[in-house]
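Beneath this line is the structure, given in structure tokens, with notes to follow.
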Ligand SMILES: [Zn+2]
């Protein structure tokens with residue numbers, strides 16, 4: 001496993017320029033931006049840790065979803081932006097990794113712990129194409145291009161995110177491709193999984209897959225039914241990741257997998273997780289098919305052997321809520 005690095009190459013001059021940016025910009029946008037489900041969370045003590053993944057690709061861990069940064073001759077491409085409150089710390093780390101502009105931000109889905117920093121970070125970048133049609137006219141040509149599946153845009157508009165955070169390039173096909181920093185990148189839509197707008201991002205040359213929240217190493221899959229999530233969509237997405245990834249030897253290493261939350265993983269980790277989710281789905285389906293009510297299914301303990309690893313009795317996604325979402329999803 002690569003080691004965590006906290007190397008600091010940034011000069012005083014860069015820091016000064018950046019804090020001027022942030023004093024003017026973040027202060028204004030934070031006032032507007034109170035959408036985070038953890039708005040009450042104190043971010044002062046959150047450190048952004050940088051984990052080199054492979055060949056210019058890094059995983060940034062702070063609070064909220066993991067960020068992936070790809071660096072190279074064309075500039076910086078980043079996937080997800082965590083919370084708005086962390087943007088200054090995140091931007092500082094990215095500048096240490098590469099002094100080039102952020103050209104693209106790809107959002108894996110619309111949850112605030114993944115898109116919260118869009119409005120702060122996109123304006124600090126510079127689009128490579130000049131096209132920026134979805135934003136206000138005066139912003140055209142400025143800032144990084146924010147790429148996301150169409151329904152991410154719909155959700156962000158519905159939830160009244162600031163205009164600056166909206167995707168500026170949406171798509172509705174199942175597979176969008178890009179070529180950036182000398183490698184092919186595939187953005188693969190995963191229908192009705194964690195939400196209705198999930199994408200997996202696959203760096204084909206460096207062989208790194210970024211999963212968003214269809215895969216985490218920390219919890220049972222969060223199925224956001226209100227946003228179109230479903231258990232069978234999650235399993236389909238996990239199977240897609242298993243299809244793409246290739247182990248190096250003895251089922252270890254090879255393709256590296258950046259999860260939505262948790263530690264850097266490989267195919268074996270995803271297989272293990274996919275099997276767990278599939279087994280629980282099949283158990284709950286069998287119990288439901290035998291005529292059990294939701295309460296009876298819960299009492300039967302269909303997740304019991306996995307609860308010490310993935311379960312939770314508190315927080316926004318409890319084991320009970322997971323069982324309920326699966327019970328709903330295996331109907332008929
Ligand atoms: Zn999420």
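Values quoted throughout were computed directly from the atomic coordinates according to the rules given, and no laboratory measurement underlies them. The model shown is predicted, which means the values in this text are computed figures rather than measured ones. Cβ: placed from backbone, ideal geometry, glycine included. Neighbour counts: every protein chain shown.
Does any residue of the range 218-230 turn out to be in a strand (DSSP E or B) and either over 13 Å from the mean Cα position of the chain (by Cα) or within 12 Å of the ligand (Cβ to nearest atom) (or both)? Looking through the range 218-230, none of the residues is in a strand (DSSP E or B) and either over 13 Å from the mean Cα position of the chain (by Cα) or within 12 Å of the ligand (Cβ to nearest atom) (or both). Would you please name the residue that is farthest from the ligand (Cβ to nearest atom), looking only at residues in the range 85-113 that are closer than 25 Å to residue 316 by Cα and in contact with a helix residue (DSSP H, G or I) (Cβ under 6 Å, 6 or more places away or on another chain)? It comes out as 87.
Counting residues in the range 75-84 that are surrounded by fewer than 24 Cβ atoms within 10 Å (Cβ to Cβ) and more than 19 Å from residue 257 (Cα to Cα) gives one or more.
Examine the range 234-254 for a residue that is away from the ligand (no atom under 13 Å from the Cβ) and in a strand (DSSP E or B), and state whether such a residue exists.
Yes, the range 234-254 contains a residue that is away from the ligand (no atom under 13 Å from the Cβ) and in a strand (DSSP E or B).
Checking each residue in the range 114-123 for being more than 8 Å from the ligand (Cβ to nearest atom) and either surrounded by fewer than 24 Cβ atoms within 10 Å (Cβ to Cβ) or outside any loop (DSSP other than H, G, I, E, B) (or both) picks out 115, 118, 119, 120, 121, 122, 123. Inspection of the range 276-283 finds no residue satisfying the criterion of being under 30 Å from residue 60 (Cβ atoms), part of a loop (DSSP other than H, G, I, E, B) and in contact with a helix residue (DSSP H, G or I) (Cβ under 7 Å, 6 or more places away or on another chain).
Looking across the range 148-206, the residues that are buried (at least 16 other Cβ atoms within 10 Å of the Cβ), assigned to a loop (DSSP other than H, G, I, E, B) and within 15 Å of the ligand (Cβ to nearest atom) come down to 161, 192, 193, 194, 195, 196, 197.
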